[in-house]
């Protein structure tokens, strides 16, 4: 049997890799990283190549990456050679080492060394790579460590203050073209994770949007004032906690009826924390979790 022929059903893959079947389905649906064919009964059949890719993704997740970041690395930096083993670009190891050093400096309250490490990252990589892949990953790691009680609130506050300052400078130093589509970026109801939204806003401003970054959530009635005054083509709402998803969807329903000329995009980890059935009616609004998904969403909306 060819290694390109599917021979593993989802139950076998789940047992082989130690991953829930529901997680496999979610990865396929959300990231399109593999596309197993189906047999006559409609059951998924995975190839050896699919198994290799999934093993690599699981290893990355076990090493501290989010699944979206692992997929991003796979799409941009990884290659699959003839024997179907996945080989890493040496550049990845260097960026991971730099990331670890930056985290250590920040948790040690060493502002000077933290600036040196971050400056080194910007000298080696593009702004988007540093902002999205390195800083974005650090924020995820810090949240995990905080939830496990392994870092103090003082360490977390110092790290957030450091990145807020550097990211804010980057955002405001990007030239603004008034002829580009205008967008507003603001946290959704009860959401206060400004740094994640700021990272996304930097990406937007570097990719053909004149972005007005508001940050922390505002009262629902204030949207009327800002939308009528700014008259944006796009409104991006972030939601990083699953518990805030329903209120965000309710706000989308309200704004869609009232401002039909404004295209709304939903960004944030909160949407991946709820059942897919909750997201289904709003699938067209979800911009995704990787840079590639953001680009596809924007390309589609700008065309239509």
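See the values below:
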item	result
Options 55, 15: the member that is assigned to a helix (DSSP H, G or I) and within 27 Å of residue 96 (Cβ to Cβ)	55
Pick from segment 154-181, criterion touching a helix residue (DSSP H, G or I) at 6+ places or on another chain (Cβ under 7 Å) and surrounded by fewer than 16 Cβ atoms within 10 Å (Cβ to Cβ), ranking: farthest from residue 138 (Cα to Cα)	174
Residues of segment 272-292 satisfying the condition of being surrounded by 15 or more Cβ atoms within 10 Å (Cβ to Cβ) and touching a residue at least 40 places away in the same chain (Cβ under 8 Å)	272, 287, 288, 289, 290, 291, 292
Hits in segment 225-248 (condition: under 24 Å from residue 181 (Cβ atoms) and touching a helix residue (DSSP H, G or I) at 6+ places or on another chain (Cβ under 8 Å))	227, 234, 235, 236, 237, 238, 239, 248
Scan of segment 143-187 for residues that are over 24 Å from residue 128 (Cα atoms) and within 19 Å of the chain's Cα centre (by Cα), ordered by number	145
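Table: residues versus (1) under 18 Å from the mean Cα position of the chain (by Cα); (2) touching a residue at least 24 places away in the same chain (Cβ under 8 Å); (3) over 13 Å from residue 267 (Cβ atoms).
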site	(1), (2), (3)
194	yes, yes, no
207	yes, yes, yes
225	no, no, yes
238	yes, yes, no
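Rule-based calculations on the coordinates, nothing more; no lab input. Please read these numbers as outputs of a predicted model, since none were measured by experiment. Neighbour counts run over all protein chains shown; Cβ positions are idealised from the backbone, glycine included.
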